[in-house]
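Below you'll find the structure, written out as structure tokens, and then a few comments.
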Amino acid sequence: MQEQTIPSPAFVLEEEKLIRNLEAIAAVQQKAGVRIILALKAFSMWPVFPLVAKYLSGATASSLAEARLIYEEMGCKAHTYSPAYLPEDFDKLLGYSSHLTFNSLSQYAFYRERVEKHHPRVSPGLRVNPEYSEVTTDLYNPASPIGRLGETLPNLAAGLPAGIEGLHFHTLCESSSFSFERTLAAFEEKFGHFLPQLKWVNFGGGHLMTRSDYDREHLVGVLTAFRQRYPHLEVIMEPGSAIAWQTGYLYARVLDIVENYGVKTALLDVSFTAHMPDTLEMPYRPVIRGASDPQPGLPTYRMGGVSCLAGDYLTEYSFPNELHVGDHLILEDMIHYTMVKTTMFNGVKHPDIAIMKMNGELDVIRRFNYEDFKNRLG
């Protein structure tokens, strides 16, 4: 398929690359004897859920909407966790969940009776904070001792409350198997004495096992050794980014080029704040196909978003040739997290969603219009 047949702007998932990731993750799952599930907070593109379900062991939700989507489009019940559950949603959430993790002892105490009375049975767990993390960006680091995500060890001095069947921790973010190994050691040091009485443990997400330099064999070894220490435990992992890592792009178009005091900005038909918020929040600098970091002597441009936010831009990239109005750019690796965090700020045109099939055909599965914008606000 020729690039000019792709609508602009559009998120384009490349099916072949998604399958490659799923095959790699499924191999880890099989070798290590664990359950690896999809985290919807990173990738919720439900038209490919039947494909994902062929390789993985389910999915994890953080809300009633995500749990329902898993149930309806993947055909299974969710492993559910939320920092705090809405009382009015809770009974419906139980119906869509197989496992339900509580963020605090107080939340479990509040809902325990409703969990125990619910049929079919849901397995309750508790999120804990091992107070160890190698994540350096505070926005993505949940392991602060005074944070809000999970109970620290001093709060469990009296032991786990009756009925808790699993523990969950999540302190990784696009991390290596060696970071996981060190985190697991901290978890076992603090909470290992609870494990003999449990049925399952959830190692959360952040395991970027499809990155080219990730050591999957080392991960398998770490997981196998853990299962040998605790053979009675079901081990669950819920990577988000790893599933859709480098599986597609955002296709954009140059609308204008402006210059002030020698600085050129290519204005695109996409918005960084609305369509790629991590580029400003983290900040995360995406690769643009064919471009590089600024190079002396090469045509160099800032990338400007189409919204009216002053900071809706990325710092300079260099290109082998001058850019012109009407040129198309490919912003790489824009499928995980990016798509789920988009907004319709300013009413700017939302990118279409498309799948580049294995046979080279483009399947445009969603187009957004004025009604989508209007109906969000009234």
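Name the residue that is surrounded by the most Cβ atoms within 10 Å (Cβ to Cβ), counting only residues in the stretch 286-315 that are over 27 Å from the mean Cα position of the chain (by Cα) and not in a loop (DSSP other than H, G, I, E, B).
Tyr301
Would you check which residues across the stretch 149-178 are among the charged types (D, E, K, R) and either under 19 Å from His79 (Cα atoms) or modelled with pLDDT of 95 or more (or both) and list them?
Within the stretch 149-178, Glu151, Glu165 qualify.
Specify which of the listed residues (Leu149, Leu126, Leu184) is in the same structural domain as Ile236 (by TED's automatic domain parsing), closer than 21 Å to Ala39 by Cα and either assigned to a strand (DSSP E or B) or free of Cβ contacts under 8 Å to residues at least 12 places away in the same chain (or both).
The unique qualifying residue is Leu126.
Residues in the stretch 198-206: is at least one of a type in the set (Gly, Ala, Ser), buried (at least 20 other Cβ atoms within 10 Å of the Cβ) and part of a strand (DSSP E or B)?
no
For the stretch 238-266, which residues satisfy the criterion of being out of contact with any helix residue (DSSP H, G or I) (no Cβ under 8 Å at 6 or more places or on another chain) and either under 30 Å from Pro124 (Cβ atoms) or part of a helix (DSSP H, G or I) (or both)?
Answer for the stretch 238-266, where residues must be out of contact with any helix residue (DSSP H, G or I) (no Cβ under 8 Å at 6 or more places or on another chain) and either under 30 Å from Pro124 (Cβ atoms) or part of a helix (DSSP H, G or I) (or both): Glu238, Gly240, Ser241.
Among the numbered criteria (1) without any contact (Cβ under 8 Å) to a residue 40 or more places away in the chain; (2) farther than 19 Å from Ile37 by Cβ; (3) in contact with a Leu (Cβ under 9 Å, 6 or more places away or on another chain), which single criterion is violated by Leu172?
(2)
So which of Tyr96, Tyr71 is farther than 18 Å from Trp200 by Cα, without any contact (Cβ under 8 Å) to a residue 60 or more places away in the chain, within 24 Å of the chain's Cα centre (by Cα) and surrounded by fewer than 21 Cβ atoms within 10 Å (Cβ to Cβ)?
Exactly one residue qualifies, and that residue is Tyr71.
Would you call Leu100 on the phi < 0 side of the Ramachandran plot, part of a helix (DSSP H, G or I) and touching a His at 6+ places or on another chain (Cβ under 9 Å)?
no
The values are calculated or read from the model by the stated rules, or taken from the named source; none is laboratory data. These numbers were taken from a predicted model, which means no experiment stands behind them. Note that each Cβ is placed from the backbone with ideal geometry, even for glycine, and that neighbours are counted across all protein chains shown.
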